[in-house]
Amino acid sequence: MDTLSEEIIAFVRNNYARRRFIFWGERLPVTAETRIRDDLKLTIETAEAMMQEYFEHWSVHSQGFNIRNYFHPELPGTRDVPDPHKPLTVSMLIESARAGHWLYT
Amino acid sequence: MDTTEELNGTYFYGGYSNVTHVQLFWLVGVQVVSEHLGLAATDAALVLAGQPLIPTRAKPGSATKGTSVASLASRYLLNYRFPKGMLLPTLNGKTISQLHVSWTNHLGAFVGRNVPWLGWIMTFTTVYNIFNDIRSTYNRVARPEHRIQWTYF
């Protein structure tokens, strides 16, 4: 556990982990293994905003990052839209911040 | 009942005379439905606004539909993010069996994703109200032996 991973985990937890009763209560726990889509259950717009914030704050090159690999609009009737559903975990954010560019395809 | 007269066991309703009780039921039905049509159009508009018909930005050649009028309009008009760390629930799912709650911090996405469900609820409420209205109007006009005693609505 170094400062960088603690910073990124705190960033995700304080901004994108929902509270138990929406306005109060404990936030969902966030660790390096937390999956943004399956555990935090963000919508695609929110996840996109989060990644944008992340790329800017830690000056990571977003080359090669496509939100559609990880997220899906999930509106009723979008069954035929491709959904690779690759896992997007907090550890991937940490590793890419270390490298300075997005490491995964 | 100024619009109703009874003649030889038949009814007079809305300008039509010599109407049997079955015909009376349909006349009331037509009238009540047309009274509710404005509201029904609102419901349908809310539902249709949520259909994912609009192509999203994608790599050249692979335009995929994936967003809806409600999403686009509300994200454009209500482009406002909640305060840091505040997330509100939205109801999503590719199909009905995959329905689940997802969380957003964007007011436009919150409205855009929930409006179609509001449309569905209002549709069923409207349908229920139409049938309820038909029954009560019909029962007010019809003679006791022709009244509907018990229905689902």
Choice from A:GLU45, A:GLU74, A:GLU53 showing the highest fluctuation, given a GNM over chain A with Cα pairs closer than 10 Å: A:GLU74
Selection of chymotrypsin sites (Phe, Trp or Tyr not before Pro), the range B:66-105, meeting DSSP coil and at most 16 other Cβ within 10 Å: B:TYR80
Spatially near lysine pairs across the protein assembly as shown, Cα under 20 Å, sequence gap of 8 or more or different chains: 6
For chain A, built as a Gaussian network whose Cα springs stay under 10 Å, the top-fluctuating residue of A:ARG20, A:ARG68, A:ARG35: A:ARG20
Of all DSSP beta bridges in the protein assembly as shown, antiparallel share, percent nearest 5: 90 percent
Of the DSSP H helices in chain B, those whose Cα atoms cover at least 24 Å axially and whose Kyte score averages 0.5 or more: B:21-49
Per-residue average of Cβ from other chains inside 10 Å of A:35-46: 5
Centroid-to-centroid separation of the range B:80-102 and the range B:125-148 [C-alpha atoms, Å]: 40 Å
Fewest-first ranking of B:LEU39, B:LEU77, B:LEU87, using other Cβ atoms within 10 Å as the exposure measure: B:LEU77, B:LEU39, B:LEU87
Compactness relative to 2.2 N^0.38 Å, alpha carbon Rg of chain A: 1.08
Relative contact order %, chain A, counting alpha carbon pairs below 8 Å whose residues are six or more apart: 30 percent
Gaussian network model of chain B, springs between alpha carbon atoms under 10 Å - residue of B:ILE121, B:ILE96, B:ILE54 with greatest fluctuation: B:ILE96
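No lab work stands behind these numbers, since they all come straight from the coordinates. Predicted model, so just to flag it, every value in this text is computed and none were measured. With ideal geometry, Cβ positions are generated from the backbone for all residues, glycine too; neighbour counts draw on all protein chains shown.
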